[in-house]
Amino acid sequence: MRGSQRARDFAALATAFADLTANLNQPQLHNRVLEEAGVELDAALARLLIKINAKGPIGVVELGDLVGRDHTTISRQVGKLVDLGLVERQPSEHDRRISQAVATARGSRIARALAAAHATLVLPAFDAWSDRDFAEITRLMRRLADDVAQLHKAIEPA
């Protein structure tokens, strides 16, 4: 019985994730974040800058995997961020043939402003939540993200 209930619960969870992702990825929200932060930047580049700032230095293949786009597209977008002075390319410590993207000081400031604007716009969704519920969903989401990352590593071909 537990397996069938867990399967139904997982289906509901997957639907909730899809709905959440769809709402958080609305172009209108991204445009409002840019406006709130006072940043003039393509929304796709802004999202990439935030990811580079959080995860960098990071290679384009890994970055592409994180954002669900192919490495040639990511490489082109990183190039645009480099041209804008928001990101630098540096050789990987592990393999000098591979370059990694890292936010410049200016890029990091802009990424932080974008993250703050995003929080300003999305945090009101939690106004009716207790501090305990908010802390609990934060803890559980981190746990889920970490566990799914481990699962991904386990099923990834060698």
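What's the longest bit of the chain with no exposed GluC sites (Glu not before Pro), using DSSP loop states and at most 13 other Cβ atoms within 10 Å as the test? In the chain, the maximal stretch lacking such sites is 94-158. One entry in [x] 1.01; [y] 0.97; [z] 1.18 is Rg/Rh (Cα atoms, Kirkwood Rh) calculated from the shown coordinates; its label is [x]. Going 7 Å from the Cα of residue 139 along its beta-carbon direction, which residues of segment 1-39 have the amide nitrogen within less than 14 Å of the resulting point? Answer for this model: none.
Residues considered: 11, 119, 44. Largest GNM mean-square fluctuation over the chain, using C-alpha springs under 10 Å, is found at 11.
As a calculated quantity, the FRET efficiency between residue 22 and residue 105 at R0 = 30 Å, using C-beta atoms, amounts to about 0.30.
Residue 108 sits among other residues whose Cβ lies under 14 Å from its own Cβ, and their net charge, with Lys and Arg +1 and Asp and Glu -1, is +4.
Filter the trypsin sites (Lys or Arg not before Pro) in segment 78-158 down to the DSSP loop ones having no more than 15 other Cβ atoms within 10 Å, then list what survives. Filter output for segment 78-158: 96, 97. Within a straight-line Cα-Cα reach of under 23 Å, residue 80 can be paired with the following lysines, leaving aside sequence neighbours fewer than 8 residues apart in one chain: 51, 55. Entry for segment 73-158 at q = 0.12 Å⁻¹: log10 I(q)/I(0) = -0.68, Debye formula applied to identical alpha-carbon scatterers, no solvent contribution. Summed over qualifying helices (DSSP H, 4 residues or more, each -39500 (n - 2.57)) and divided by its residue number, the chain shows a 222 nm mean residue ellipticity of -23500 deg cm²/dmol.
Any read-out appearing in this document is the output of simple, stated calculations on the displayed coordinates, not a laboratory observation. Computed from a predicted structure; not experimentally measured. Counting neighbours? That spans all protein chains shown, and the Cβs are built from the backbone with ideal geometry, glycine included.
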